[in-house]
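Peer 1: Sharing a structure, written as structure tokens. Questions coming.
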Amino acid sequence: MLEVFSVFWALVPVTLAQSLILSFVVLGVMIPFRILSFPNLTSEGAYPLGGAVCAVALLAGVPAFLSIALAFTAGFLAGTLTAFIHLRFHIHTLLAGILVTTMLYSVNLRILGKPNIPLFREIKVFDYLAFPFLSINAGKILLAGLLGLLFVLTLRFWFNTERGIVMRAVGDNSDMAEAQGNNVNRSIFLGIGVAGGCSAFSGSLMVQSQSFVDVNMGLGILINALAALMIGEAITGRERLLKQLAAPFIGSIIYYQLISFCLAAGLAPSDLKIATGIFVIAMLAGPTLIQKRPVRMAHEKIRE
């Protein structure tokens, strides 16, 4: 058991850096799901799209930060495409996301030109933090953490503005928001676009972190993000906006530490999907079981 904890502790810096980077995907899942009540699967395609755009931009000599901005823009467009398909053709949100994600696989292959590309020689954003007193993983944690804080504060400010409040109102009751004279379609376009941009942003950071891009890097990322979101919301709650915005980051950190512990304990990587599924079921079913327990106890007392 001591050996398991030793291996787990050694992996903490690596998994912490990865979890902070991947938390932006969780944010991209949370915004449509919780803020707009718009179940969306575009993140699984937007994440590798951001990685592909960023990688090609780096290979073309574009500075690292500008490459990230281009990736965010590409993800934003992917999100707005999902919103357009849903609003224009009245296709269900889930199916619209699946269609866009399916098409993005071919788009990503076109962008890359081949399934994967190494990025070992290019100057990446994390190279700017290559100080003697700062380890590689510490630099990644610092930068990803600061970017996460910036995103949370920016979104908190936005959702407290007039248009941000309208967007939240659209998620609560779109018919009522429209009856008040608000542009519902504009809020959906903007919200789903930002969500896609967040996922692509995460993909651009990940390829710069691992110096490698693969067209299949988004496979399964959606279920991981959902598991992290459920864990985060179980801890922070959703009563206040700030808690809702913090849930993706807290949940991502805890979820990937749990995955790391499973690996340290000897769980085969091929079994991680089972563990992820169990985490999601536990997070979704837990509140229901907790609420039903007092009812069952009351019924038992009545029977007695």
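Peer 1: So Ile21 fits all but one of (1) surrounded by fewer than 23 Cβ atoms within 10 Å (Cβ to Cβ); (2) hydrophobic (A, V, I, L, M, F, W, C); (3) in contact (Cβ under 8 Å) with a residue 60 or more places away in the chain; what number is the exception?
Peer 2: (1)
Peer 1: Residue by residue through segment 153-203, note down the ones that are within 16 Å of Gly28 (Cα to Cα), open to solvent by 20 Å² or more (accessible area, probe 1.4 Å) and among the small types (Gly, Ala, Ser).
Peer 2: Matches in segment 153-203: none.
Peer 1: Determine which member of the set Leu222, Leu241, Leu258 is closer than 30 Å to Ile117 by Cβ and open to solvent by 20 Å² or more (accessible area, probe 1.4 Å).
Peer 2: Values: Leu241 fails: closer than 30 Å to Ile117 by Cβ; Leu258 fails: closer than 30 Å to Ile117 by Cβ.
Going through Leu222, Leu241, Leu258 in turn, just one is closer than 30 Å to Ile117 by Cβ and open to solvent by 20 Å² or more (accessible area, probe 1.4 Å): Leu222.
Peer 1: List every residue pair whose Cβ atoms sit under 9 Å apart, with the two residues 6 or more apart in sequence or on different chains, where the first one lies in segment 27-42 and is without any contact (Cβ under 8 Å) to a residue 60 or more places away in the chain and the second, anywhere, is open to solvent by 10 Å² or more (accessible area, probe 1.4 Å) and among the aromatic types (Phe, Trp, Tyr).
Peer 2: Pro39/Phe33
Peer 1: Something else about it: Looking at segment 71-88, is at least one residue more than 25 Å from Leu58 (Cα to Cα), open to solvent by 70 Å² or more (accessible area, probe 1.4 Å) and among the basic types (Lys, Arg)?
Peer 2: yes
The values are calculated or read from the model by the stated rules, or taken from the named source; none is laboratory data. All of these numbers come straight from a predicted model, not from anything done at the bench. With ideal geometry, Cβ positions are generated from the backbone for all residues, glycine too; neighbour counts draw on all protein chains shown. Protein only, heavy atoms only, side chains kept; ligands, DNA and RNA dropped before computing areas. Shrake-Rupley method; radii C 1.70, N 1.55, O 1.52, S 1.80 Å.
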